[in-house]
Amino acid sequence: MSRPIDLHGLEDYDLVTLGAALGVCDVDLLTLSPARPRAAIASQTHDGVTYFTAHLDFDVRGTLTVPDESCMLIYLHEAGERSWCQGVGIESEMAVTLLRGTPTDFMFERGTRFTLVVAPYARFRARFMASDHADVDMAAQRLRLFAVNSDPLKRAWRQIRDRVRDGAADAFGPVEDLLDEHIRVALSSSSEDRPVASRGRRAHYQVMRRAERFMRANLRRDIYSQELCQAAGASERGLRYAFDDLLGIPPNRYLAMLRLCTAHRSLVTAEAGRRSVKSVALSCGMWDLSRFAEKYRSVFGEQPRETLTRSVPDDLAVEEIDDL
C-alpha cells in the first residue's frame, strides 16, 4: 500500500479515515480545534514494514494500541509545546518507542510533524538482543521516550520522511539499520535526555483521565460539574487546571467536543439503515438537534446527514435519512 502526497498540501479529513490511515491499527482521534480537521499524510509499505509521515493542522487527542506482533518507532520533526505522550511533554527531535500491545494516550498540538515506522516485533527484538543488553521489557522505560542527540539518526528519519513523501518504495534500505541506531541512541541516552512528568503534571494527567472515562461512560445523559469532579477526585478548580494543562481547553468544552466527535464516528461508520442522525445525536447526549447540526457543521464542514449519506449504499431510500 502506498499513499504519496504533497505534504505541503493540507487536506480535509474525517477523523475515522485519518485514524485508519496507518493501516496496522486504528487510532481513536478527537479534535480539540473548532475547525475541520486538516492534515497532510503519506505512507509506504516495504518488506513488511509500514512507513508513515504526517503534518497535522489541528489540535488532536488520541489513543492507540500497537498490535501484539508489532512495534512502533516515532520521530517528532516538530512538536507544539502542549504535545505529550502518556502525560509526559514531548518536544521536537524526540523519539518514542511503543512496544507490542502497548496502549498509548497522546495529544499533538497543531503544527506537529512526525514520521513513524511500524515493524515486526520479532525483528526489533532480534536487533535489541544483538546489542548485548538486557531483555526488551526490562529496558522499556529507557526506550519509551528520549531526545535524539544523534545526527545519523536524525538524518535517517528525515530521509524516511522524504522517501515516503516522494512515493519511492524501492528506496528504503533494511529497517534493521534504523532499528540498530534507534536502539543505540535510546540506550545510551542520559537521564536529561529522557523527559519525565513532574508530580503536579502526573496528578493532572490522572485527574484528566478519570474525568474522561466518566464522560465516555455517561455520554448519553447530562453530566454535571459536581459529579464530574467527584469522579475525577478533584475540586472544580483542580479539574479546570488539569484540562488546561494537558488539553488547553476547559472540561465543558472537552465534553462538547467528545460528544461531537463520538457522533461523527458513529455517522461515518453507521450500518446502513440501522442508524439515523437523530438516534446518533441522542445517544451522545445532544437533545437540541438544531444546535447539534449547527455545531457539527462548524467543526466538520458539513451537515450530519451528509456524513451519514456517504456511509450508506446508493440504493437506500433517501427518505430513510434524517433531514438534519
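None of the figures in this text is laboratory data; all of them are computed from the coordinates on show. Remember, predicted model here, so these are calculated numbers, not experimental data. Virtual Cβ from ideal backbone geometry, glycine too; neighbours counted across all protein chains shown.
Counting neighbouring Cβ atoms within 10 Å and putting the fewest first, the residues 46, 204 line up as 46, 204.
Our coupling estimate for the stretch 115-129, obtained by passing each phi through the Karplus curve with A = 6.51, B = -1.76, C = 1.60 and θ = phi - 60°, is 10, 9, 10, 10, 10, x, 4, 4, 6, 5, 5, 4, 5, 5, 5 Hz, Gly and Pro reported as x. Residues whose amide H lies under 5 Å from that of residue 33, counting only those 5 or more places away or on a different chain, are 59; hydrogens are built 1.01 Å from N in the peptide plane.
Could you state the orientation-averaged shadow area of the convex hull built on the Cα atoms of the stretch 1-98, in nm² to one decimal?
Values: hull surface 26.1 nm².
Its Cα hull, projected and averaged over all orientations, spans 6.5 nm².
Scanning residues 5 or more positions from residue 93 or on other chains, those with amide H under 5 Å from its amide H are 76, 77, 78, with H placed 1.01 Å from N in the peptide plane. Per-residue Cβ neighbour counts within 10 Å put 269, 104 in the sequence 269, 104, beginning with the fewest. Computed 3J(HN,Hα) for the stretch 92-99, one whole-Hz value per residue from the Karplus formula 6.51 cos²θ - 1.76 cosθ + 1.60 where θ = phi - 60°, is 4, 6, 10, 10, 10, 10, 10, 8, glycine and proline marked x.
According to the calculation over all Cα-Cα pairs in the stretch 2-193, the P(r) per 5 Å bin from zero is 1, 8, 17, 22, 22, 17, 9, 3, 1, 0 %.
Taking other C-beta atoms within 10 angstrom as a stand-in for reagent exposure, 286, 129 fall in the order 129, 286, fewest first. Database remark: amide H of residue 71 closer than 5 angstrom to the amide H of 119, 121 (H placed geometrically; neighbours at sequence offset of 5 or more, or on other chains; Pro and chain starts carry no H).
Peptides 12-18, 215-221 ranked from most to least packed, by the mean per-residue count of other Cβ atoms within 10 Å: 12-18, 215-221. Couplings 3J(HN,Hα) of the stretch 257-264, computed from phi: 5, 5, 4, 5, 5, 5, 5, 4 Hz, in residue order, whole Hz [Karplus 6.51 cos²θ - 1.76 cosθ + 1.60, θ = phi - 60°; x for Gly and Pro]. Using only the Cα atoms, work out Rg/Rh for the chain, with Rh taken as the Kirkwood radius, to two decimals. Rg/Rh: 0.99. Across the alpha-carbon set of the stretch 199-320, the Rg to Rh ratio works out to 1.07, Rh being the Kirkwood radius.
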